[in-house]
Amino acid sequence: MSFTAILKDLAHETGAIGAVLLDWEGEAIASYSGSPLLELDLIGAHHGIILDIARDAAGRQTGISAGDITSIAITTSIGRLVISTIKDGYYVILALPRSVSIARCVFEVRKAIPLIEKEMG
């Protein structure tokens, strides 16, 4: 199964507007968008930086190892993002409407990770 097919299934399963798989440099590996206006590559590059900062801050405040933080959710007045690590050097971002459950998205991403890792080889 291709990365795009996995991301499409993930978006449909969660109700996400789109999903993008990126490496730690913010380079998009694959993406799926239900809207041609959604620029997932740009969203991803900037939120990889946020993921790093949040992991570092949480580690300093709580003593949690940065590698133990697997997902971060960002909620705004118009939407939500879920940023989840896949494995070292890779992460996925789901762009969501406010009506979608963050917990469900995190759960579905965890289910999709083995498929993504299998595709990575």
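Assorted remarks:
- The H on the amide N of I17, modeled in the peptide plane, is under 5 Å from the matching H of A95, L96, each at least 5 residues off or on a different chain.
- Counting only Cβ charges, +1 for Lys and Arg and -1 for Asp and Glu, the dipole size of the chain around its Cα centre is about 480 debye.
- Against the criterion of solvent-accessible heavy-atom surface with a 1.4 angstrom probe, I83, I69 sort, most first, into I69, I83.
- For semi-axes √(5λ) of the Cα gyration tensor in Å, computed directly from the structure shown, the correct entry in [x] 21, 17, 14; [y] 30, 12, 12; [z] 25, 17, 14 is [x].
- Candidate residues I6, I74: accessible-area rank, largest first, probe 1.4 Å: I74, I6
- Each label was represented as a point 7 Å from its Cα along the Cα-to-Cβ direction; for S101 and M1 these points are 2.0 nm apart.
- Stretched out straight at 0.36 nm per residue, the stretch from A58 to I74 would grow longer than its current Cα-Cα span by 4.3 nm.
- For the chain, the relative contact order works out to 28 percent when only alpha carbon pairs closer than 8 Å and six or more residues apart are counted.
The values are calculated or read from the model by the stated rules, or taken from the named source; none is laboratory data. On a predicted model such as this, the values are computed, not experimentally measured, just so you know. Heads up, the Cβs are rebuilt from the backbone with ideal geometry, glycines too, and the neighbour counts pull from every protein chain shown. All accessible areas refer to the heavy atoms of the entire protein, side chains included, with ligands and DNA or RNA removed. Shrake-Rupley method; radii C 1.70, N 1.55, O 1.52, S 1.80 Å.
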